[in-house]
Amino acid sequence: MSHFLAAVAAIVGAPHVLTQPQDTAPYTLDYRRRYQGLPLAVALPGTTAEVAALLQLCQLHQVAVVPQGGNTSTCGAATPDTSGRQLVIGLRRLNRLRAIDTANNSITVEAGMTLAQVQQLATAAGRLFPLSLASEGSCQIGGNLSTNAGGLAVLRYGTMRELTLGLEVVLPDGQVLHQLSALRKDTSGLDVKQLFIGAEGQLGLITAATLKLFPLPTAHATAWLGVDSSQAAIDLLSALRQAFGDRLTTFEIMSDACQHLLEKYHPGQLPFIQPWAVLAELSDSGDSHLLQQQLVDWLATQQIADGVLAHSEADRQQLWQLREAMSETQKRDGASIKHDIGVPSSAIPDFLQQCESALRRVFPTVRIIAFGHAGDGNLHYNISYTRPDNAHLFEDEDSVNAIVYDLVYRHQGTLAAEHGVGQLKGHWLQRYKDPLALQLMRNIKQVLDPHGLMNPGKWLSGGGD
Ligand SMILES: Cc1cc2nc3c(=O)[nH]c(=O)nc-3n(C[C@H](O)[C@H](O)[C@H](O)COP(=O)(O)OP(=O)(O)OC[C@H]3O[C@@H](n4cnc5c(N)ncnc54)[C@H](O)[C@@H]3O)c2cc1C
């Protein structure tokens, strides 16, 4: 293998090949510390040509490759196995701006640029790149594409799949697919770039992307509202959409259990506690006061149990901080079995009611923390027990997951609406995904990566817990 590593160093430069445990450590442990790998080495290429040469070399020596961006996937998708034979390719040096075209509302960046950097470049040019995640300071565009990331504004702008115009991808044999088109319409055949979005690095390595930009909103109207049931929350979503159309940018919900947790760890910050809290935001061009007045007038015609409106940017940030504190607050309160499920928004009330009953029948002390992006149907649905039996929580993980996922699929949902599949959910995907769809995916894998060298051991090669 030293011959192989010398060839890797000849491609990327010796300082960009990491082999010592203290140097490779940040690349070997996944975000939730659930998966620990042992790589052959970590290579840090700085250009697409270097990535192509690396993949050619790996093909020649039959060395498996694990692409890694910001390593914020929470399901072990970017973690190598423990064989000591997989090469991690980290993309952080491939982080240049290639072009920005404000007249076409598009930006072309390399895959290792962080999401926050892309947002900043767009803002500096007077445009919006709307993908927004709590991990945006570290996650990279290549990782966002490979997990089809969504976030707080999917309701209005869609996920990475909708935000992408073109891609540059290095195929497992080292060929470069040049599809960095900035076109919005192209009817000349299949849209092959879509294959690589959501593929979790199992079909090729993305080196650059052309992404959509939007006008930068100048007006925001943000409200924290209380409603008495999840059905009332979904009715409110529907009514807001009807009244404000595309201007409804965010619609987040939090159950009363979430609000009690926030009150416990951030006392006095919540405006009130209601069975369900909604954080709704409108955005538009023009003046914030005007938009806020429109929202106030409209809310006055609705049956809302309680509500506060942000009157300043500081108020708005305060409401957002409450929503964003939810994950960290729950972490402080102890371990939980986490799910990032999705069901059609209209099915959320039924799903919640049926799933809670089914879980309580088997686990009477269950505590459910449900919150998230109800506007696009994506919920964090996290399970713990009331103490002291929480110590044994993970012994029941498979039984809990089976109850939750059975009901998710009964409601035409998905077991991975946000964090990808990775190693964590591989075997669940085999159980629930349409077998024909899975077979088609394996066929595509076989065509593009016949030697199975791209991120093996993950779901497309039948791997996973
Ligand atoms: C606090 C927190 C909040 C989060 N919030 C959200 C959220 O709201 N919405 C959401 O969708 N996700 C969210 N996530 C999950 C995560 O941030 C996203 O999945 C993100 O898109 C992963 O990007 P990354 O660069 O960290 O990818 P990594 O974790 O490094 O990799 C993820 C997958 O992509 C592959 N990959 C990475 N780069 C490339 C490339 N250039 N070419 C090919 N394959 C590649 C890897 O092999 C792996 O399979 C959150 C995570 C955290 C920790």
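Key figures
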quantity: Search result, residues across the range 300-358 that are among the hydroxyl-bearing types (Ser, Thr, Tyr), at pLDDT below 95 and open to solvent by 50 Å² or more (accessible area, probe 1.4 Å); calculated: Thr301, Ser312, Ser327
quantity: Every residue from the range 131-149 that is in contact with a Ser or Thr (Cβ under 6 Å, 6 or more places away or on another chain) and either more than 16 Å from Ala209 (Cβ to Cβ) or outside any loop (DSSP other than H, G, I, E, B) (or both); calculated: Ser135, Ser138, Gln140
quantity: Residue match in the range 411-425 (condition: part of a helix (DSSP H, G or I) and among the hydrophobic types (A, V, I, L, M, F, W, C)); calculated: no
quantity: Residues satisfying the stated conditions in the range 241-287, i.e. open to solvent by 40 Å² or more (accessible area, probe 1.4 Å) and in a helix (DSSP H, G or I); calculated: Arg241, Gln242, Ala243, Asp246, Arg247, Asp256, His260, Glu263, Lys264, Tyr265
quantity: Pairs, first under 17 Å from Val51 (Cβ atoms) and outside the structural domain of Val65 (by TED's automatic domain parsing) in the range 12-39, second away from the ligand (no atom under 16 Å from the Cβ) and open to solvent by less than 50 Å² (accessible area, probe 1.4 Å), C-beta under 6 Å, six or more apart; calculated: none
quantity: First in the range 374-385 and in a helix (DSSP H, G or I), second anywhere and within 12 Å of the ligand (Cβ to nearest atom), Cβ under 6 Å, 6 or more apart; calculated: Asp376/Val154
quantity: Which listed residue, of Thr47, Thr72, is open to solvent by 20 Å² or more (accessible area, probe 1.4 Å) and more than 8 Å from the ligand (Cβ to nearest atom); calculated: Thr47
quantity: Condition check for Ser357: more than 16 Å from the ligand (Cβ to nearest atom), under 20 Å from the mean Cα position of the chain (by Cα) and either closer than 30 Å to Thr218 by Cα or free of Cβ contacts under 8 Å to residues at least 24 places away in the same chain (or both); calculated: no
quantity: Qualifying positions in the range 133-147 - more than 6 Å from the ligand (Cβ to nearest atom) and open to solvent by 40 Å² or more (accessible area, probe 1.4 Å); calculated: Glu136, Gly137, Ser138
quantity: Pair list, Cβ < 6 Å and 6+ apart or interchain, from the range 108-123 residues that are in the same structural domain as Leu183 (by TED's automatic domain parsing) and open to solvent by 10 Å² or more (accessible area, probe 1.4 Å) to residues that are away from the ligand (no atom under 12 Å from the Cβ) and of a type in the set (S, T, N, Q); calculated: Thr108/Thr210
quantity: Qualifying residue in the range 348-357 (condition: among the charged types (D, E, K, R) and in a helix (DSSP H, G or I)); calculated: yes
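Residues checked against (1) in the same structural domain as His311 (by TED's automatic domain parsing); (2) within 16 Å of the ligand (Cβ to nearest atom); (3) part of a strand (DSSP E or B):
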site: Asp186; (1), (2), (3): no, no, no
site: Gly189; (1), (2), (3): no, no, no
site: Gln194; (1), (2), (3): no, yes, no
site: Gln202; (1), (2), (3): no, yes, no
site: Ala209; (1), (2), (3): no, yes, yes
site: Trp224; (1), (2), (3): yes, no, yes
site: Ala233; (1), (2), (3): yes, no, no
site: Leu236; (1), (2), (3): yes, no, no
site: Ala239; (1), (2), (3): yes, no, no
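The values are calculated or read from the model by the stated rules, or taken from the named source; none is laboratory data. Note that the coordinates shown come from a computational prediction; the quantities given were computed from them, not determined experimentally. Ideal geometry is used to build each Cβ from the backbone, glycine not excepted, and the neighbour counts take in all protein chains shown. With ligands, DNA and RNA removed, areas are computed over all heavy atoms of the protein, side chains included. Shrake-Rupley method; radii C 1.70, N 1.55, O 1.52, S 1.80 Å.
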